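> Below is the structure I would like to discuss, written out as structure tokens.
The values are calculated or read from the model by the stated rules, or taken from the named source; none is laboratory data. On a predicted model such as this, the values are computed, not experimentally measured, just so you know. Note that we place each Cβ from the backbone using ideal geometry, even for glycine, and neighbour counts take in every protein chain shown.
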Amino acid sequence: MITSAQMRAARALLGIDQKTLAALAGISLPTIQRMEASTGHVRGIVDSLTKVVTALDAAGVELIGDNATSRGGGRGVRLKQGDAA
């Protein structure tokens with residue numbers, strides 16, 4: 001699952017706003033706004049979440065889950081375990 005912090009961080013890495021992410025994912029701006037307003041894991045319709053993850057991946061952002069390793073090279077950031085999410 002993706003967290004709201006991951007969504008915001010991914011947009012920051014790409015230098016895009018919520019409106020651009022909504023367009024890339026093919027979903028509405030209010031949906032992105034609701035997702036990013038979630039506490040912890042993003043809540044929403046699975047189809048919408050999948051579209052966001054796919055759009056971020058296509059734009060060049062790899063989302064890394066807890067205890068997962070990165071599958072490739074490139075720059076990025078990762079929140080240390082135990083820190084606020």
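> Check whether at least one residue in the stretch 31-40 is loosely packed, with under 12 Cβ neighbours inside 10 Å, part of a helix (DSSP H, G or I) and at pLDDT below 95, and report yes or no.
Yes, the stretch 31-40 has at least one match.
> Right, here's the next one. Quick one: Ile27 ticks every box in (1) more than 13 Å from the chain's Cα centre (by Cα); (2) assigned to a helix (DSSP H, G or I); (3) surrounded by 15 or more Cβ atoms within 10 Å (Cβ to Cβ) except a single one, so which number is it?
(2)
> I need the full set of residues from the stretch 41-50 which are within 11 Å of the chain's Cα centre (by Cα), assigned to a helix (DSSP H, G or I) and surrounded by fewer than 18 Cβ atoms within 10 Å (Cβ to Cβ), in order please.
Thr50
> Considering Gly44, Gly60, Gly72, Gly40, which residue is of a type in the set (Gly, Ala, Ser) and within 14 Å of Ala5 (Cα to Cα)?
Checking each option against the conditions leaves just Gly40.
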